[in-house]
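Scroll down for the structure; my scribbles are underneath it.
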Amino acid sequence: MSKVDFSGKTVVLTGVGRAGQVGEVVARAFADAGARLALIDRDDQVNARADDLARSGGKASPYVCDLTNADEVSATAERIEADSGGSVAALVNLAGGFGMSGPVADSDPAVLHKQIAINLTTAYLATRAFLPLVRAGKGAIVYFASASVLPDGASRNISGYAAAKAGVLALMRSVAAEELGVVRANALAPTQIRTAENVAAMGGDAAYVEREAVAEAVLFLCSPESRNITGQAIKLQ
C-alpha cells in the first residue's frame, strides 16, 4: 500500500483517552499522515493524548464527551462541525471495553447492560451524530467488532461482550447498505490486541495483534485505496 495522505482532512476518533491502548497508536498514525484529529473520550485524559500529538507536530483537538449520552454526542458533533469546516474524512469508533460474563445462567444482567452501552451504544450514537459530516466528506466509518463473533469465533463466558460486538457488526452492515455509494462502513474483528490492559491481564507472552497492525488496517479502510470495500468484517489475528 502506498503512503496514505490525510493532509487537510479531519478524522474523528472515539475512545482515545487512555495511554497504552490501541487508540493511542491509531491517532499517531493518522497524525503522521497529516490528518487533523478530533479526539473524543469520556474524561480529561483525552487532553493528554492531544498534547502528546501536538508535541511531535500533530494536529489534534480534544473533546470530553459521554459517548453513551445522545445529547452530549450531538453537541460534540456540532462543535466538531464548526471546527472542521463541515466535513470529516473518517469516523473511527474505538470506544469500548471488555468484560467477562461467566455462563449465561449465572451471569449478572448489569454486565450485559454495560457491555452494550460502552461497545454498541457509543458506536450507534457517534455514527448517528457524525454521519452528516462523513457524508459531506464522502468518507468512511470504521467499527471495532471482535473475532469472537465471527462464524469461527468462540464466545463462551463472554455473552455480554459478544452480544454487544455482534450488534456492532449489525450496525456496520446497516450503515453500509443505507449509505452505499456515499459513505463506506467496515469493521475490524481482531483477536486480542497488545494493549497495556491486555498485557496486564494476560501477560506479555500471549498471542497478540500488534497495535501498529491495527492502525495500518484502519488507515487503509479510511483511505481511497479501499474505495470499493464496504460492509465487510475483517479479521485480524
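Structure data summary
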item: Per-residue HN-Hα couplings for the stretch 168-183 [Karplus 6.51, -1.76, 1.60; θ = phi - 60°; Hz; x = Gly/Pro]; result: 4, 4, 5, 4, 4, 5, 4, 5, 4, 6, 6, 10, 3, x, 10, 10
item: Residue (of Ser61, Ser7, Val26) at the positive-pole extreme of the chain, dipole from beta-carbon charges; result: Ser7
item: Cα-Cα pairs of the stretch 156-195 separated by more than 13 Å (percent); result: 62
item: Long-range amide H partners of Lys235 with built H, under 5 Å; result: Ala189
item: Inter-probe distance in nm under a simple model that places probes 7 Å from Cα toward Cβ, at Met100 and Asp52; result: 2.8
item: Cα-based convex hull volume of the chain per residue, rounded to whole Å³; result: 122
item: The stretch 1-126: projected area of the alpha-carbon convex hull, averaged over directions, in nm²; result: 9.0
item: Sequence-distant residues sharing a close amide H with Ala60 (under 5 Å, placed H); result: Leu37
item: Interchain or long-range residues, amide H under 5 Å from Gly34's placed H; result: Phe6
item: Exposed trypsin sites (Lys or Arg not before Pro) absent - longest run of the chain, DSSP non-H/G/I/E/B, at most 16 other C-beta within 10 Å; result: 4-137
item: Additional length obtainable on full extension of the chain from Ala117 to Ala206, 0.36 nm per residue less Cα span; result: 29.2 nm
item: Net dipole in debye of the stretch 10-236 [+1 Lys, Arg Cβ; -1 Asp, Glu Cβ; about Cα centre; nearest 20]; result: 480
item: Where labels lie 7 Å past Cα in the beta-carbon direction, separation of Asn228 and Ser7 in nm; result: 2.8
item: Violating pairs (Cα-Cα greater than 28 angstrom) within the set Lys114/Lys235; Lys138/Lys235; Lys3/Lys165; result: Lys3/Lys165
item: Within the stretch 164-237, GluC sites (Glu not before Pro) in DSSP loop having at most 14 other beta-carbon neighbours inside 10 Å; result: Glu210
item: Computed label-point distance, nm, for sites Ala75 and Asp108 using a 7 Å Cα→Cβ extension; result: 3.0
item: Choice from Ala35, Ala166, Ala200 with maximal GNM fluctuation in the chain (Cα, 10 Å cutoff); result: Ala200
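Only the coordinates and a few stated rules stand behind these numbers; no lab work does. Predicted model, so just to flag it, every value in this text is computed and none were measured. Note that each Cβ is placed from the backbone with ideal geometry, even for glycine, and that neighbours are counted across all protein chains shown.
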